[in-house]
Amino acid sequence: MTKRFLATAAFLLSSTVLVSATEIGATFETACPFGDCAAGISLSQPEGFAPTPDKSTGIRDNRAFEDLAAAPSGDVFVGVEAALYQDGPKPSLTTGSLSRIIRCDGAIGEPKAQYVYPVSPIPQAATKPDGGNDNGMSEILALDHHRLLAVERSYAEGFGNNIKIMMIDLADATDISAIASLAKNDQRVVPARKSQVLDLLAIGLAPDNIEAMSLGKAKDGADVLILGSDNNFSASQKTQFYAFKLLSRPQQ
């Protein structure tokens, strides 16, 4: 049976096609015209992403297909929040994690390439005794056919969230589609280049669980980067939207 993506994200691929997905590890996702999913496309999940019962291979629970983006070319990018089991550990306070970004042909739903995205180490220790913490790639947004923005969203109990926006460039990144395990690989792999463009804490904001990102327009026609949070149906969390006016965008 062909496996399908699942992640908690959605976007319009065109005026008639909605792409949606979930992060919890189930294995069905569809992209379809409104009101007629039978006529739509499905994004095929590559080998190695379906979780095995012994947790030796595949996506981690709640760290799965968190990210979706559409390039102007029509390609669809799908990212996992942190490393697959076979690719290495999830992030810690001292080490990062090797996430994967899949490039799919948006017209037929088939994977075209995979790239390594190096998730940063967890930036903040929990301040609550025995509290947990994490970090992961919670959203991506395509600017062109090889450059994307990524949200790295971390949380530390007793402290809160730390949100950073990264610029990703896939231009010279290695296609790792044929590499079954990054942890057991002896080939040279060039990861996607990344650089930080925004740190919400550093500019005095108190972000919650940011997991959505999109481009919009201000009244004066300027491009605006919009971020949104997921409150997880929790009374202790907030639904937030942030809007940042873009002064410039990368040139082709």
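The values are calculated or read from the model by the stated rules, or taken from the named source; none is laboratory data. Keep in mind the model is a prediction, meaning the values are calculated, not measured. Positions of Cβ are backbone-derived with ideal geometry, glycine not excepted, and every protein chain shown enters the neighbour counts. Just so you know, the surface numbers come from the protein's heavy atoms only, side chains and all, with ligands and any DNA or RNA stripped out. Shrake-Rupley method; radii C 1.70, N 1.55, O 1.52, S 1.80 Å.
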Cβ-derived FRET efficiency at R0 41 Å, Thr239 paired with Ala171, nearest 0.05: 0.70
Carbon plus sulfur fraction of accessible area for the stretch 88-171, probe 1.4 Å, in percent: 54 percent
Per DSSP, loop trypsin sites (Lys or Arg not before Pro) in the stretch 52-148 with at most 14 further Cβ within 10 Å: Lys55
Size descriptor, Kirkwood hydrodynamic radius, that averages inverse alpha-carbon separations across the stretch 57-168, Å: 14.4 Å
Trypsin sites (Lys or Arg not before Pro) within the stretch 166-252: DSSP coil, no more than 14 neighbouring Cβ in 10 Å: Lys184, Arg188, Lys219, Lys238
Label-point separation in nm, Lys55 to Thr95, each point 7 Å along Cα→Cβ: 1.6 nm
For the stretch 175-252 versus the stretch 145-168, the gap between their alpha-carbon centres in whole angstrom: 5 Å
For the stretch 49-88: accessible area per residue (Å², 1.4 Å): 31 Å²
Cα gyration tensor shape for the stretch 116-252, rounded if a/c is under 1.5, else prolate or oblate: oblate
Label zone at Gln196, where the point sits 7 Å out along the Cα-to-Cβ direction: the stretch 95-123 residues whose backbone N lies under 20 Å: 95-99, 117-123
Probe 1.4 Å, accessible area per residue of the stretch 165-224, Å²: 56 Å²
Pairs beyond 23 Å (Cα-Cα), from Lys194/Lys219; Lys55/Lys164; Lys128/Lys238; Lys55/Lys128; Lys164/Lys219; Lys194/Lys238: Lys194/Lys219; Lys55/Lys164; Lys55/Lys128; Lys164/Lys219; Lys194/Lys238
When the convex hull of its Cα atoms is projected in every direction, mean area for the stretch 134-173 (nm²): 2.9 nm²
Chain lengthening between Leu215 and Glu47 when straightened (0.36 nm per residue, less Cα-Cα): 57.3 nm
Two-site label geometry, Lys128 and Asn232: point separation in nm, points 7 Å out along Cα→Cβ: 0.9 nm
